Amino acid sequence: MDAQKEILKLRKEIEKNSKLYYVYDAPVISDYEYDMLMNRLKALEAEHPELITPDSPTQRVGGEALSQFEPVQHQVPLESLTDVFSYDELFSFGERMDSMLSSAHDYVVEPKIDGLSMSLEYENGVFVRGATRGDGITGENVTENLRTVRSLPLRIENAPQRLIVRGEVYMSKAVFEELNAQREIKGEALLANPRNAAAGSMRQLDPKVAASRKLDIICFNLQYSSGEAYQTHAETLDAMKDMGFPVVPYSHYDNIRDCVERIEWLGENRGELPYEMDGAVIKINSLAQRRELGSTAKAPRWAVAFKYPPEKKESRVLDIVVQVGRTGVLTPKVIVEPVRLAGTTVSAATLHNQDNIDRLDLRIGDTVLLQKAGEIIPEVLSVNKAKRPEGTVPFVLPSVCPECGSPVVRDEDGAALRCTSPECPAQRLRNLAHFASREAMDIEGLGISVCESLIHAGLLTSAADLYYLKAEDIAVLDRMGDKSAANLIRAIENSKQAGLARLLCAFGIRQVGQKAAKVLASYYPDLDSLMAADVENLTSIPDVGAITANYLRGWFDNPQSQHLIRRLREAGVDFTSHEEKKDSRFAGLTFVLTGSLQRFTRDEASEIIESFGGKASSSVSKKTSYVVAGENAGSKLIKAEALGLRILSEEEFVDMIQ
């Protein structure tokens, strides 16, 4: 079989199985078999790049990062809906329909998925453009990001010449929880809710970032079709499903009062659905009657969104427990008598921090009013002090970590209490993943999943254990084997020579990241001399303030830190500095990099600037000394010119660092 025929056959097979998986939830091959089909297609397209087309399943990750999103005029406006908040308001809508329509009419009820509304355009069955709703008339072109959504068909069979479908991009609850768990391990800010996560992901300028977020789409309206004329909304939903679109589930009713049955079912079961929903949509089914009814200036007259009121219930506090998160933050959690709330059984709720407990004056034995914040996270709204039993006492968070007994400190910029131990069991996964990360000890092959396997196997309790691992112990773990184990042992052994700067960064000391670690390593020849420095000595170093100095001293004085350092020393880890002493020609100067540089990445150029004592900034101001402008420089260059700043070409920058 020639390459072109095999490529076409593979694409058809992949598209068929994608449809079975995403639309019908009925896969007939395993994930492994699907991956093998995709890998074969990628290999063939790599050999024959002239055969790659935009609708190929391999093009899901998109191309280069964009500088901005282009505006898109919607052929059919993407209208919003009128909200109703009670059954009386819903029945009033039904009465309006009765008075405005002379003939019999029926309704369709759908869940209102909480995501980001999109217009999807197809020409001759090929996905050509996707845009956000925007103001309903003009949206933003996010085609490349939409290509990364695996449940969106890039090609549909037997399609009309032109087709426009409206859908909702969302992040499933499972993916949202997984993403936040990963962000917590990395010490990144947690995402607020799935809707914001989906919207933020879809507006990333780099499609590869959007691809990593595992977004989904569900379609709920046929905006335009140059093909068959449909009579009802239900027909269009069935037709879209047959074309390969994931389609919103719907129920059909003859009158408005019968719609209540489905609305109540959705409200009671929304906790079990894979996506977040913030209401139910009730629509006139007949497309001819929709055209007759038309729209107001803001919304169609033929549909409303029933919004569920936040459900609140009382329960009694059984206990208050303190958990230690993967970043060391102590989080109080209230344990309550189980109560059914917004579709799920709630037995616990977060209390956030000591300040919140004090504000509520919450005590064990109290009766509290609970609500799900954003229909997701249970929270305590208030305390019913009239029902407070005698003998209760205020609750105070512990002064030591409940997991390891180390002292806790309050963040200087917030209300969080944090464990200071480098070997705290609760922080083990996060600490190990950070220790092995690229900016720290750079141990290739030791990602989060491998760290998890090693921890679960009882092979790792702290970073020092890495240097005592044996290949035969690793080889028996899932997805490893002799070769992978040997490679990992080799990478761990190589990391012993990483040097002081990387080791300091790997320790995960508060406010001592990659940059601060390099500064410290340029002033101290080895770890022992740094450990001997007092706060006064440390604060004499540029860019090391009193807070950072105290964090360093506190970390080095912790017995668990000393135990970790002792074991690393015994394992042969190099404690000496590898930082080269360069001149300080850029001392006191601030550089801003903009556009695409040919000889360096942004990080490499920033490191060079900092190695000569300068500062690399991300924003242009009057205090900026130089702006280095590469190709396609944008708004930063314009601002620099307006301020009359000195602008350097890449060649001029290279001359300065020769």
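Things to note:
- Of all residues in segment 583-595, none are at pLDDT 90 or above and either touching a Pro at 6+ places or on another chain (Cβ under 6 Å) or farther than 28 Å from Ala516 by Cβ (or both).
- Tally of residues being buried (at least 16 other Cβ atoms within 10 Å of the Cβ), farther than 14 Å from Asn494 by Cα and either charged (D, E, K, R) or touching a residue at least 60 places away in the same chain (Cβ under 8 Å) (or both) across segment 438-451: 1
- If the condition is being part of a helix (DSSP H, G or I), charged (D, E, K, R) and within 15 Å of Ile509 (Cβ to Cβ), then segment 402-440 contributes only Arg430.
Residue by residue, here is whether (1) among the charged types (D, E, K, R); (2) surrounded by fewer than 18 Cβ atoms within 10 Å (Cβ to Cβ); (3) within 30 Å of the chain's Cα centre (by Cα) holds:
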{"residue": "Thr601", "(1), (2), (3)": "no, yes, yes"}
{"residue": "Ile608", "(1), (2), (3)": "no, no, no"}
{"residue": "Ser621", "(1), (2), (3)": "no, yes, no"}
{"residue": "Val627", "(1), (2), (3)": "no, no, no"}
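- Residue in segment 299-319 that is modelled with pLDDT of 95 or more, over 30 Å from Thr345 (Cα atoms), out of contact with any helix residue (DSSP H, G or I) (no Cβ under 6 Å at 6 or more places or on another chain) and hydrophobic (A, V, I, L, M, F, W, C) present: yes
- Screening Pro338 with (1) closer than 28 Å to Leu190 by Cα; (2) out of contact with any Pro (no Cβ under 9 Å at 6 or more places or on another chain); (3) part of a loop (DSSP other than H, G, I, E, B) gives one miss only, at (3).
- Checked against (1) touching a residue at least 60 places away in the same chain (Cβ under 8 Å); (2) under 21 Å from Pro407 (Cβ atoms), Lys496 passes all but a single condition, namely (2).
- Among (1) of a type in the set (Gly, Ala, Ser); (2) closer than 24 Å to Gln514 by Cα; (3) out of contact with any Pro (no Cβ under 8 Å at 6 or more places or on another chain) - the single one Ser635 does not satisfy: (2)
- Here Ala571 clears all of (1) surrounded by fewer than 16 Cβ atoms within 10 Å (Cβ to Cβ); (2) at pLDDT below 90 except the condition numbered (2).
- All conditions in (1) at pLDDT 90 or above; (2) part of a loop (DSSP other than H, G, I, E, B); (3) not polar (S, T, N, Q) hold for Glu168, with the sole exception of (2).
- Hey, Ile474 at pLDDT 95 or above, assigned to a helix (DSSP H, G or I) and buried (at least 20 other Cβ atoms within 10 Å of the Cβ) or not: no
- In the set (1) farther than 30 Å from Ser421 by Cβ; (2) of a type in the set (A, V, I, L, M, F, W, C); (3) in contact with a strand residue (DSSP E or B) (Cβ under 7 Å, 6 or more places away or on another chain); (4) exposed (fewer than 15 other Cβ atoms within 10 Å of the Cβ), Ala303 fails one condition alone, (4).
- Filter result for Ala299 (in contact with a Ser or Thr (Cβ under 6 Å, 6 or more places away or on another chain), hydrophobic (A, V, I, L, M, F, W, C) and assigned by TED's automatic domain parsing to the domain that holds Glu89): yes
- The lone criterion from (1) surrounded by 18 or more Cβ atoms within 10 Å (Cβ to Cβ); (2) assigned by TED's automatic domain parsing to the domain that holds Leu460 left unmet by Leu597 is number (2).
- Among the residues listed as Lys214, Lys173, Lys208, the single one being under 16 Å from Asp114 (Cβ atoms), basic (Lys, Arg) and surrounded by fewer than 21 Cβ atoms within 10 Å (Cβ to Cβ): Lys173
- Yes/no for Gln182 being touching a residue at least 24 places away in the same chain (Cβ under 8 Å), assigned to a helix (DSSP H, G or I), over 30 Å from Pro160 (Cα atoms) and not basic (Lys, Arg): yes
- Any chance Ala498 is over 26 Å from the mean Cα position of the chain (by Cα), assigned to a helix (DSSP H, G or I) and either buried (at least 16 other Cβ atoms within 10 Å of the Cβ) or not assigned by TED's automatic domain parsing to the domain that holds Asp574 (or both): no
- Whichever residue in segment 171-217 is charged (D, E, K, R) and farther than 27 Å from Thr58 by Cβ and, among such residues, is modelled with the highest pLDDT: Lys173
- Segment 331-351, residues that are in contact (Cβ under 8 Å) with a residue 40 or more places away in the chain, touching an Asp or Glu at 6+ places or on another chain (Cβ under 9 Å) and farther than 16 Å from Lys385 by Cβ: Ala342, Gly343, Thr344
- Every residue from segment 388-405 that is more than 32 Å from the chain's Cα centre (by Cα) and loosely packed, with under 14 Cβ neighbours inside 10 Å: Pro389, Glu390, Gly391, Val393, Pro394, Val396, Ser399, Gly405
- Any hit, segment 545-558, residues being assigned by TED's automatic domain parsing to the domain that holds Ala516, under 25 Å from Gly508 (Cα atoms), touching a Lys or Arg at 6+ places or on another chain (Cβ under 7 Å) and not β-branched (Val, Ile, Thr): yes
- As for segment 333-343, it holds at least one residue that is exposed (fewer than 15 other Cβ atoms within 10 Å of the Cβ), touching a Lys or Arg at 6+ places or on another chain (Cβ under 8 Å), at pLDDT below 90 and among the charged types (D, E, K, R).
- Qualifying residue in segment 417-434 (condition: at pLDDT 90 or above and over 22 Å from Ile547 (Cβ atoms)): yes
- Extreme residue, farthest from Arg502 (Cα to Cα), among residues of segment 575-623 that are touching a helix residue (DSSP H, G or I) at 6+ places or on another chain (Cβ under 8 Å), among the acidic types (Asp, Glu) and assigned to a loop (DSSP other than H, G, I, E, B): Glu580
The values are calculated or read from the model by the stated rules, or taken from the named source; none is laboratory data. Worth saying up front: this structure is predicted, and the values here are computed from it rather than measured. Methodologically, a virtual Cβ is constructed for each residue, glycine included, from the backbone with ideal geometry; neighbour enumeration extends over all protein chains shown.
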